[in-house]
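**Student:** Take this structure, written in structure tokens, and hold onto it; I'll ask about it next.
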Amino acid sequence: MRFLKGTQIEIVHRGIERGHIRFALLDFDGTISLIREGWQQVMVPLMVEIIREETGTEETEEELRALVTEFVDRLTGKQTIYQMIQLCEEIRKRGGKPRDPVEYKRLYHDRLWERIKGRVAGLKNGTIAPEEMMVPGAVELLENLCRRGVVCYLASGTDREYVLEEAAVLGITDYFAGGIYGALDDYRRFSKALVIQDILQTYHLRGPELVAFGDGFVEIENAKEVGGIAVGVASDEVRRQGINQWKRNRLIAAGADLIVPEFREQERLIAYLFAEEE
């Protein structure tokens, strides 16, 4: 384990080609926004409840929770619909007849909204400061990237309509000159991999000209598949400081080149990525 001197920035792969970044892809939930913190505590119990009600399975609560947690975690970072498609498969395996996965996704969104609506309302009426609902240093990171002429893209597995609204209430929309992307009901028309491919092909990029920041394996894996640089954000979304070890291990397994807890040290991180310090 090696850290950039005097920082919490962990350098996993020392041999990356630095100093050429022109474009950046950033994940949203857990990487920039904390509005949806705790979404797993909504999705997992809901899915357990649905499997039990729609199949009559005799599996215990603990068995179902372990099953659901495994596939929810595995699919985190992909569009929410993929978790719902897996839910349908689990219902089918147990002899049930699942509903359309989009219907399950809407049920989840309705229940999640009950958890987060106060946060959104507080951001809108000014009783909650945007920085309270963001990973520390996220705005400074975006400002630093834009100041250097890096074109930023936001890409989330959350539905695009929600990403647009939540980015707006956080006041960060204008940083994303490349665009804001999110999940669509026709899920085949969007993925983070498609956004990355479009950036590379449109601007004829080499891999090291692209950097991805994310707390899920998907954007890390997608960036590394095209030779890009991947910064894993092992954010503790509750305490807003320190490393989430589960995220760290998962991000390293996905191929992350660097690991950060948040962006409080973004100046040093950017200087390293631009080969301004060793």
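No lab work stands behind these numbers, since they all come straight from the coordinates. Remember, it's a predicted structure, so these values are computed and weren't measured experimentally. Note: ideal-geometry Cβ built from the backbone for every residue, glycine included; neighbour counts use all protein chains shown.
**Student:** Over 32 Å between Cα atoms, which of LYS78/LYS117; LYS97/LYS124; LYS93/LYS247; LYS117/LYS224; LYS97/LYS224; LYS124/LYS247 qualify? Before the final figure, lay out each step's value.
**Tutor:** Details: LYS78/LYS117 23 Å; LYS97/LYS124 41 Å; LYS93/LYS247 30 Å; LYS117/LYS224 36 Å; LYS97/LYS224 39 Å; LYS124/LYS247 30 Å.
LYS97/LYS124; LYS117/LYS224; LYS97/LYS224, as the Cα separations exceed 32 Å there.
**Student:** Sticking with this structure for a sec: Between GLU59 and LYS124, 0.36 nm times their residue separation minus their Cα-Cα distance comes to what? Numbers along the way, then the final one.
**Tutor:** Working: separation 65, 0.36 × 65 = 23.40 nm, distance 4.34 nm.
Fully extending the segment from GLU59 to LYS124 adds 19.1 nm.
**Student:** Working from the pairwise distances between different alpha carbons, so that the mean of 1/r is found and then inverted, what is the chain's Kirkwood radius in Å?
**Tutor:** Values: mean 1/r = 0.0516 Å⁻¹.
That comes to 19.4 Å for the chain.
**Student:** Something else: Rounded to whole Å, give me the distance from the Cα center of the stretch 239-263 to that of the stretch 1-53.
**Tutor:** Value for the Cα centre distance between the two parts: 7 Å.
**Student:** Once the cut-off is 20 Å, how many percent of the Cα-Cα pairs in the stretch 18-108 end up in the long-distance tail?
**Tutor:** Details: 1656 of 4095 pairs.
Value for the stretch 18-108: 40 percent of Cα pairs lie more than 20 Å apart.
**Student:** Tell me, in nm to one decimal, what length is gained between GLN41 and ARG92 on full extension, where the rule is 0.36 nm per residue of separation less the Cα-Cα distance?
**Tutor:** 16.0 nm
**Student:** Just the number, please: Stokes-Einstein D of the stretch 236-278 in µm²/s, Kirkwood Rh from C-alpha pairs, 37 °C, 0.692 mPa s.
**Tutor:** Values: Rh = 11.5 Å.
The estimated diffusion coefficient comes to 285 µm²/s.
**Student:** Quick check: net charge around ARG248, other residues with Cβ under 15 Å of its Cβ, Lys/Arg +1 and Asp/Glu -1? Could the numbers behind the result be given before it?
**Tutor:** Numbers: positive: ARG2, ARG239, LYS247, ARG250; negative: GLU10, ASP73, ASP215, ASP236, GLU237, ASP257, GLU262.
Surrounding charge for ARG248 is -3.
**Student:** Please compute the net charge surrounding ALA234, taking Lys and Arg as +1 and Asp and Glu as -1 over other residues with Cβ under 14 Å from its Cβ.
**Tutor:** Details: positive: ARG239, ARG240, LYS247, ARG248, ARG250, ARG264; negative: GLU10, ASP27, ASP215, GLU219, ASP236, GLU237, ASP257, GLU262, GLU265.
So the surrounding residues net to -3.
**Student:** Quick one: among ARG119, ARG65, ARG248, which has the greatest mean-square fluctuation in a GNM of the chain with alpha-carbon springs under 10 angstrom?
**Tutor:** ARG65
**Student:** Give, in nm to one decimal, the length gained when the segment between HIS13 and ALA177 is fully stretched (0.36 nm per residue of separation minus the Cα-Cα distance). Intermediate values should be presented prior to the final figure.
**Tutor:** Values: separation 164, 0.36 × 164 = 59.04 nm, distance 2.93 nm.
That pair, HIS13 and ALA177, stretches by 56.1 nm at full extension.
**Student:** With a 10 Å cut-off between alpha carbons and a GNM built on the chain, which of THR69, THR31, THR202 moves the most?
**Tutor:** Comparing THR69, THR31, THR202 in the GNM, the peak value goes to THR202.
**Student:** What is the distance, in nm, between label points placed 7 Å from the Cα along the Cα-to-Cβ direction at ASP198 and at GLU277?
**Tutor:** Modelled inter-label distance: 3.6 nm.
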